[in-house]
Amino acid sequence: MRVLGIETSCDETAAAIVDEARTILAERVLSQEALHIPYGGIVPEVAARAHLDHLDGLIARTLDDAQVNLADLDAIAVTGGPGLIGGVFVGVMTAKALALAAGKPFLAINHLEGHALTVRLTDGIDFPYLLLLASGGHCQLLVVEGVGRYRRLGTTIDDAAGEAFDKAAKLLGLGYPGGPAIERCAQAGDPQRFPLPRPMLGRPGCDFSFSGLKTAVRQTAQGLGSLTDRDRADLAASFQQAVADVVADRAGHALDQFGRQGPLVVAGGVAANATLRARLKALAESRGVAFLAPPLRLCTDNAAMIAWAGLERLRLGWTDGLDFAPRPRWPLDPAAPKAVGAGVKA
Ligand code: KG4
Ligand code: ZN
């Protein structure tokens, strides 16, 4: 079984082909980073146009890399949401056209499911496992019970973890994308210098909050006036440490509930952060469970995860109709109770 995956929900145009033996036959990711840098963040309209310009060629090159034709594929899978809707439309329309032209099944994949199942592609593990999904739009702890079966234990009541990194980076003048910039800058910094708040730390449950931390970074930066390189590095390190403390605390509560049923897994762009990974690895070890993190390139947005989620669904006989409508919001666990607080992100 071979599936083509397409991902266009944010600022990466990506295509990949995976097979049932967990082999990535080909994968291509075209980052739009340079396009968005002048704006200090992602501009949805610019992103959608760039996906439109590049997706066809990227798919053709991916098929060439894998030395397969459309006819050799078993299905076409595409991110159907959640994400920036213009980009999602570009991907979905392209996937539908390919599926129709080649007479292949079409699968609309929840982008979050792509992140959630990545570890089954990379490590071939069984269900269940405890997942921290931390990306630019999401920060959730989920029990992954099966394909399509996700039980959310906690989520953010305000900003996503990656959003906090991106906003803190902007405040420090480190530019976009913020996560890697903060991590780089923090390497030379003292994480103890600024005693930033740890929102939700020690509170019951598994929900997150990051907006107070972002405000504290702003106030600290304003209090310092003009920032030296040392100030920037110390503030970046202090911020990163605070995020790691909070995430480890919340994940610890999730492990209290989950026990030792399976490993602790991280996914999403923020899972690329080495400080965070080290903290979660230590946490897992202290609880006697394994810790798994996909390689960095499969933590951030990619199409191999979409192709793989498509393959998992196809194996179960699940496909979607060509009347599927792209979804700007698409929670993994619609039955989950709302997080304590306002402005909850699905
Ligand atoms: O999963 P992803 O590639 O896209 C979304 O689905 O959102 O995640 C992107 C997010 C951005 O907010 C980015 O700043 C963050 O992941 N990120 C990081 C790192 N690399 C990417 N955050 C912290 N440390 C990193 N090394
Ligand atoms: Zn993502």
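The values are calculated or read from the model by the stated rules, or taken from the named source; none is laboratory data. Computed from a predicted model, the values in this text were never measured in an experiment. All Cβ positions, even for glycine, are placed from backbone atoms using ideal geometry, and neighbour counts span all protein chains on display.
Summary table below
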{"quantity": "Exclusive hit being surrounded by fewer than 22 Cβ atoms within 10 Å (Cβ to Cβ) and touching a Pro at 6+ places or on another chain (Cβ under 9 Å), set Ile24, Ile85, Ile76", "calculated": "Ile85"}
{"quantity": "Breaking point among (1) within 16 Å of ligand 2 (Cβ to nearest atom); (2) in contact with a Gly (Cβ under 8 Å, 6 or more places away or on another chain), for Pro180", "calculated": "(2)"}
{"quantity": "Residues that are surrounded by fewer than 23 Cβ atoms within 10 Å (Cβ to Cβ) and within 17 Å of the chain's Cα centre (by Cα), drawn from the stretch 138-147", "calculated": "Val143"}
{"quantity": "Of all residues in the stretch 133-177 being in contact with a strand residue (DSSP E or B) (Cβ under 7 Å, 6 or more places away or on another chain) and part of a helix (DSSP H, G or I), the one that is farthest from ligand 1 (Cβ to nearest atom)", "calculated": "Ala161"}
{"quantity": "Selected residue (criterion: nearest to Gly179 (Cα to Cα)) from residues of the stretch 266-275 that are crowded, with 24+ Cβ neighbours inside 10 Å and among the aliphatic types (A, V, I, L, M)", "calculated": "Val270"}
{"quantity": "Some residue of the stretch 28-50 being crowded, with 19+ Cβ neighbours inside 10 Å, acidic (Asp, Glu) and within 16 Å of ligand 2 (Cβ to nearest atom)", "calculated": "no"}
{"quantity": "Members of the stretch 263-290 found to be more than 16 Å from ligand 2 (Cβ to nearest atom) and either at pLDDT below 95 or at positive phi (or both), listed by number", "calculated": "Gly288"}
{"quantity": "Which listed residue is at pLDDT 95 or above, hydroxyl-bearing (Ser, Thr, Tyr) and more than 16 Å from ligand 2 (Cβ to nearest atom), from Tyr150, Tyr129", "calculated": "Tyr129"}
{"quantity": "Residue tally, condition of a type in the set (Lys, Arg) and within 12 Å of ligand 1 (Cβ to nearest atom), over the stretch 101-132", "calculated": "0"}
{"quantity": "Residue ID - surrounded by the fewest Cβ atoms within 10 Å (Cβ to Cβ), chosen from residues in the stretch 10-21 that are of a type outside the set (Asp, Glu) and more than 16 Å from Leu298 (Cβ to Cβ)", "calculated": "Ala21"}
{"quantity": "Helices (runs of 4 or more DSSP H) wholly inside the stretch 237-346 containing at least 3 residues that are closer than 21 Å to Asp126 by Cβ", "calculated": "274-287, 304-315"}
{"quantity": "Test: residue in the stretch 274-293 that is under 30 Å from Gly86 (Cβ atoms), within 16 Å of ligand 1 (Cβ to nearest atom) and among the charged types (D, E, K, R)", "calculated": "no"}
{"quantity": "Residue match in the stretch 62-71 (condition: assigned by TED's automatic domain parsing to the domain that holds Phe89, touching a Cys at 6+ places or on another chain (Cβ under 9 Å) and touching a residue at least 12 places away in the same chain (Cβ under 8 Å))", "calculated": "no"}
{"quantity": "Any hit, the stretch 83-100, residues being within 21 Å of Leu316 (Cα to Cα), in contact with a strand residue (DSSP E or B) (Cβ under 9 Å, 6 or more places away or on another chain) and not aliphatic (A, V, I, L, M)", "calculated": "yes"}
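Residue-by-condition table, conditions (1) more than 30 Å from Gly259 (Cβ to Cβ); (2) more than 15 Å from ligand 2 (Cβ to nearest atom); (3) aliphatic (A, V, I, L, M); (4) outside the structural domain of Ile306 (by TED's automatic domain parsing):
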site	(1), (2), (3), (4)
Gly81	yes, no, no, no
Gly87	yes, no, no, no
Val92	yes, yes, yes, no
Ala108	yes, yes, yes, no
Thr122	no, yes, no, yes
Leu133	no, no, yes, yes
Leu142	no, no, yes, yes
Gly146	no, yes, no, yes
